[in-house]
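Undergrad: Pasting a structure here, questions to come.
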Amino acid sequence: MKYVDEYRDRNLIEAVAREIKKVSRKEISLMEVCGGHTMAIHRFGLTSLLPPNIRLLSGPGCPVCVSSQKFIDIAIGYSRIPGIIIVTYGDLIRVPGSTSSLEKEKANGNDVRIVYSVLEALEIAKQNPGRPVIFLGIGFETTAPATAATIIKAQHDNTPDFYVLSAHKIMPPVMKALVNDGVKLHGFIAPGHVSAITGSGIYEDLAWKYGLGVVISGFEPMDIMQSVLMLVEQIEKENPRVEIQYKRVVQPEGNKIAQQLMAQVFTLSDDEWRGLGTIPGSGLKLQERYTAFDPANKFPVDIPEPEEPKGCICGEILRGLKIPTDCTNFAKRCTPVTPVGACMVSGEGTCATYYKYREN
Amino acid sequence: MNNAGDKILLSHGNGGRMMHDLVENLFIRNFSNTILNEQTDSAVININDATIAFTTDSFVVDPIFFPGGDIGKLAVCGTVNDLSVSGANPLYLSVSFIIEEGFPMKDLEKIILSMAKEARNAKVSIVTGDTKVVNRGKCDKIFINTSGIGILNKKHRSISKGTNIRPGDKIILNGTIGDHGMAVMNARESFNFKTSILSDCASLNSFIRTILENSSQVKFMRDPTRGGVATVLNELAQKKAFGIEIEESSIPVSEGVCGMCEILGYDPLFIANEGKVVLVAGQKECNKILNVMKEDELGKKSRIIGEIVADHHGKVVLKTMSGGKRIIDIMTGEQLPRIC
């Protein structure tokens, strides 16, 4: 397929791999913080093309995986209230909560629907007058603008009974939190689609204050290999800075309209990340003028303190401290059919990726 | 095997791991007999001197009319193909309808005409049937079940089990993959992708008969419907003393399907087909078989996509376009419900 095959060209990829080997001297760890990158690295077997002194770590880049257990439990609680329609992106329905999952609630006859776009959730609300529709808002700066635009549209159209349970999050605070937390890193393969919205400025701190290399990367194997090469060059020359490899999509200033939509609807909040705890200013909650869209005010649910699954090391995996094969549950008790932790559920989760693309 | 509170989930019907476990642990365990336990696409039964292939399939596709076909055509092709890939010559079908109260008569007529046309085309006769109507809301528009029987030449008995497969045998596919699944999905969901993807829904019996008449080296056939080519290959390799290796670059995928899969994050290898056959051919005659296939309209884009190998027993390994290798596992979780 045009514009895809070119970025998967074996000869080009191997040429970049040779260049990386030539330039790279230091022992370094690079972290990707986007599930799409984790997927691509494993799908195309890129780690096998890198020299042993370059380690790739998978960070907290899968929105499903970082959503807190409490968020899942609340969503399950809502799904049990008669009349309520829960609308969600597909991956979330299989995430195990403390006692159930949305998939199981659906089988119990509760109304849980999967959509590909938040605008479909609004459509469902319009087609079901009198029934509250709660959209589960997850994702980073990539999906948050669409949620914001939909809320603005719902207000404009005067659509009643439409709600958003927001677990939207932003990237920079967690990237800093990881470094502050002691994760040994030399650079970030920064998320391409988040950056398409935010622009490259959000990472400047990481380069100047923390001395880390940052390259905003695309998602094809050639993109990632080139980004690794750019990071290696930065690190070898001790010249950490923010660079954009994914120039065909990302502009330094980002998408101003999307930024404006987010700023209009959301405000920063302290938010809980699975396995990482509460990170100040990392969440997006609805601004006061949009609280009518917050289901928490209308439908109080009583959720007991969540139980984290036993033996699950999702938290350490999300921080890049351990890899899935370090977990005693991996591929035994915890598989994509019987996921114990969230990282095994989502197609972009590190554990699911390791499971799916485990080498022969 | 289950806790009392367990319920059927959509994943139990998607052709992947959970469905396999259900079939194995509940159905096979309790219905167990020598014919069923073979777990072939069609049951192979001896009655006096004749060897009969017998199969059944239910169709719940949503929407009932989609680009390239409809639930009626699908119901005929699906059962014809299940018999054909067993090496049998399909002869007679039964058809049962479960119809929702209020279903438009003109839609029913359209479906029936489509079934009649496809049956004529495939040269099979619909010889018996049943009709049930349920209250509005108790089924979604219309569900169709078809069963079929065909005559199996004794020399083709091993095809459905693949018992003669050896390392070095080639795997052949008769065209692009994923068209049916993506055509139905695009018709159903509100993506509004402007694509020309058509379902590949077609009866394969005359195509397959020509192949079998021209070569005795066809060692296995299976139609990669639900769960796609990846699932068929996994089922084939399972518990066998050989492995399978396929080349990503030789698997035909149309631009439209490729694009939709890239956008939605699907792997075409797992997407359903309704007019495709995965065939294992002895090395010596694989080119001859390929040429025969290419002469037919349904096999123009046939390709050798991989081979049977002596190592990594039980596993399917994909050689990626960018030079890596990875395991293709059986599908887990939900991918596309109600595509057939």
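Undergrad: In segment A:1-40, which residues are within 12 Å of chain B (Cβ to nearest Cβ) and either in contact with a Phe, Trp or Tyr (Cβ under 9 Å, 6 or more places away or on another chain) or hydroxyl-bearing (Ser, Thr, Tyr) (or both)?
TA: A:3, A:7, A:8, A:13, A:36, A:39, A:40 - these are the residues of segment A:1-40 that are within 12 Å of chain B (Cβ to nearest Cβ) and either in contact with a Phe, Trp or Tyr (Cβ under 9 Å, 6 or more places away or on another chain) or hydroxyl-bearing (Ser, Thr, Tyr) (or both).
Undergrad: Condition first: among the hydrophobic types (A, V, I, L, M, F, W, C) and surrounded by fewer than 23 Cβ atoms within 10 Å (Cβ to Cβ). Now tell me which residues in segment A:215-243 satisfy that.
TA: A:219, A:222, A:229, A:230, A:235, listed by residue number.
Undergrad: Could you tell me whether any residue of segment A:278-285 is assigned to a loop (DSSP other than H, G, I, E, B) and small (Gly, Ala, Ser)?
TA: No, segment A:278-285 contains no residue that is assigned to a loop (DSSP other than H, G, I, E, B) and small (Gly, Ala, Ser).
Undergrad: Being within 14 Å of another protein chain (Cβ to nearest Cβ) and free of Cβ contacts under 8 Å to residues at least 60 places away in the same chain narrows it down to one residue among B:46, B:25, B:30; which is it?
TA: B:25
Undergrad: Let me ask you something else. Could you list, in sequence order, the residues of segment B:155-171 that are farther than 16 Å from residue B:228 by Cβ, open to solvent by less than 30 Å² (accessible area, probe 1.4 Å) and not in a loop (DSSP other than H, G, I, E, B)?
TA: B:156
Undergrad: I would also like to ask the following. Kindly indicate whether residue B:55 is modelled with pLDDT under 95, over 21 Å from residue B:270 (Cβ atoms), away from chain A (no Cβ under 14 Å) and surrounded by 15 or more Cβ atoms within 10 Å (Cβ to Cβ).
TA: Criteria not met by residue B:55.
For every residue, the table says whether it meets (1) more than 27 Å from residue A:241 (Cα to Cα); (2) modelled with pLDDT of 95 or more; (3) open to solvent by 20 Å² or more (accessible area, probe 1.4 Å); (4) in contact with a Phe, Trp or Tyr (Cβ under 8 Å, 6 or more places away or on another chain).
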{"position": "A:89", "(1), (2), (3), (4)": "yes, no, yes, yes"}
{"position": "A:93", "(1), (2), (3), (4)": "yes, no, no, no"}
{"position": "A:107", "(1), (2), (3), (4)": "yes, no, yes, no"}
{"position": "A:122", "(1), (2), (3), (4)": "yes, yes, no, yes"}
{"position": "A:146", "(1), (2), (3), (4)": "yes, yes, yes, no"}
{"position": "A:169", "(1), (2), (3), (4)": "no, yes, no, yes"}
{"position": "A:184", "(1), (2), (3), (4)": "no, no, yes, no"}
{"position": "A:188", "(1), (2), (3), (4)": "no, yes, no, yes"}
{"position": "A:195", "(1), (2), (3), (4)": "no, yes, no, yes"}
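Undergrad: Among the numbered criteria (1) open to solvent by 80 Å² or more (accessible area, probe 1.4 Å); (2) within 24 Å of residue A:99 (Cβ to Cβ); (3) not β-branched (Val, Ile, Thr), which one does residue A:277 miss?
TA: (1)
Undergrad: Give me the residue from segment B:224-237 that is open to solvent by 10 Å² or more (accessible area, probe 1.4 Å) and touching a helix residue (DSSP H, G or I) at 6+ places or on another chain (Cβ under 9 Å) and, out of that set, farthest from the other protein chains (Cβ to nearest Cβ).
TA: Here the residue is B:225.
Undergrad: Being polar (S, T, N, Q) and outside any helix (DSSP H, G or I) is the filter here, so list the residues in segment A:215-233 that pass it.
TA: A:217
Undergrad: Kindly provide the set of residues from segment B:263-289 that are surrounded by fewer than 24 Cβ atoms within 10 Å (Cβ to Cβ), within 12 Å of chain A (Cβ to nearest Cβ), part of a helix (DSSP H, G or I) and within 23 Å of the chain's Cα centre (by Cα), ordered by number.
TA: Result: B:264, single match.
Undergrad: Let me ask another. Pairs please, first residue from segment B:85-112 and within 30 Å of residue B:155 (Cβ to Cβ), second anywhere and among the basic types (Lys, Arg) and open to solvent by less than 50 Å² (accessible area, probe 1.4 Å), Cβ atoms under 8 Å, 6+ apart in sequence or on different chains.
TA: Matching pairs, first to second residue: B:85/B:222.
Undergrad: Still on this structure: Which one of these does residue A:39 not meet: (1) among the aliphatic types (A, V, I, L, M); (2) at pLDDT 90 or above; (3) open to solvent by 10 Å² or more (accessible area, probe 1.4 Å)?
TA: In the conditions (1) among the aliphatic types (A, V, I, L, M); (2) at pLDDT 90 or above; (3) open to solvent by 10 Å² or more (accessible area, probe 1.4 Å), residue A:39 misses (2) alone.
Undergrad: Mind checking whether some residue in segment A:298-308 is within 21 Å of the chain's Cα centre (by Cα), over 17 Å from residue A:39 (Cα atoms) and in a loop (DSSP other than H, G, I, E, B)?
TA: Yes, some residue in segment A:298-308 is within 21 Å of the chain's Cα centre (by Cα), over 17 Å from residue A:39 (Cα atoms) and in a loop (DSSP other than H, G, I, E, B).
Undergrad: I'm told residue A:344 meets every condition in (1) surrounded by 15 or more Cβ atoms within 10 Å (Cβ to Cβ); (2) in contact with a Gly (Cβ under 7 Å, 6 or more places away or on another chain); (3) at pLDDT 85 or above except one. Can you identify the failing condition by its number?
TA: Residue A:344 satisfies every listed condition except (2).
Undergrad: Inspect all residues belonging to segment A:201-220 and state whether any of them is more than 21 Å from residue A:61 (Cα to Cα) and of a type in the set (S, T, N, Q).
TA: no
Undergrad: Would you please name the residue that is nearest to residue B:78 (Cα to Cα), looking only at residues in segment B:172-223 that are of a type in the set (Ser, Thr, Tyr) and either open to solvent by less than 20 Å² (accessible area, probe 1.4 Å) or within 17 Å of the chain's Cα centre (by Cα) (or both)?
TA: Going through the qualifying residues, I end up with B:203.
Undergrad: Just need a number here: residues in segment A:1-36 that are outside any strand (DSSP E or B), aliphatic (A, V, I, L, M) and either open to solvent by 40 Å² or more (accessible area, probe 1.4 Å) or at pLDDT 90 or above (or both).
TA: Counting residues in segment A:1-36 that are outside any strand (DSSP E or B), aliphatic (A, V, I, L, M) and either open to solvent by 40 Å² or more (accessible area, probe 1.4 Å) or at pLDDT 90 or above (or both) gives 9.
Undergrad: Are any residues in segment A:347-360 in contact (Cβ under 8 Å) with a residue 24 or more places away in the chain, open to solvent by 10 Å² or more (accessible area, probe 1.4 Å) and not in a helix (DSSP H, G or I), and if so, which ones?
TA: Of everything in segment A:347-360, those that are in contact (Cβ under 8 Å) with a residue 24 or more places away in the chain, open to solvent by 10 Å² or more (accessible area, probe 1.4 Å) and not in a helix (DSSP H, G or I) turn out to be A:347, A:348, A:357, A:358, A:359.
Undergrad: Suppose the filter is at negative phi and within 14 Å of chain A (Cβ to nearest Cβ); does residue B:193 pass it?
TA: yes
Undergrad: Would segment B:327-334 turn up any residue that is in contact with a strand residue (DSSP E or B) (Cβ under 6 Å, 6 or more places away or on another chain), touching a residue at least 12 places away in the same chain (Cβ under 8 Å), within 13 Å of chain A (Cβ to nearest Cβ) and crowded, with 18+ Cβ neighbours inside 10 Å?
TA: yes
Undergrad: Something else now. Polar (S, T, N, Q) and open to solvent by 10 Å² or more (accessible area, probe 1.4 Å): is that true of residue B:135 in this structure?
TA: yes
Undergrad: Sticking with this structure for a sec: Which count do you get for residues in segment B:238-262 that are in a strand (DSSP E or B), open to solvent by less than 20 Å² (accessible area, probe 1.4 Å) and away from chain A (no Cβ under 11 Å)?
TA: 2
The values are calculated or read from the model by the stated rules, or taken from the named source; none is laboratory data. Computed from a predicted model, the values in this text were never measured in an experiment. Reconstructed Cβ throughout: ideal geometry from the backbone, glycine too, with neighbour counts over all protein chains shown. What goes into the accessible areas is simple: the full protein's heavy atoms, side chains included, and nothing from ligands, DNA or RNA. Shrake-Rupley method; radii C 1.70, N 1.55, O 1.52, S 1.80 Å.
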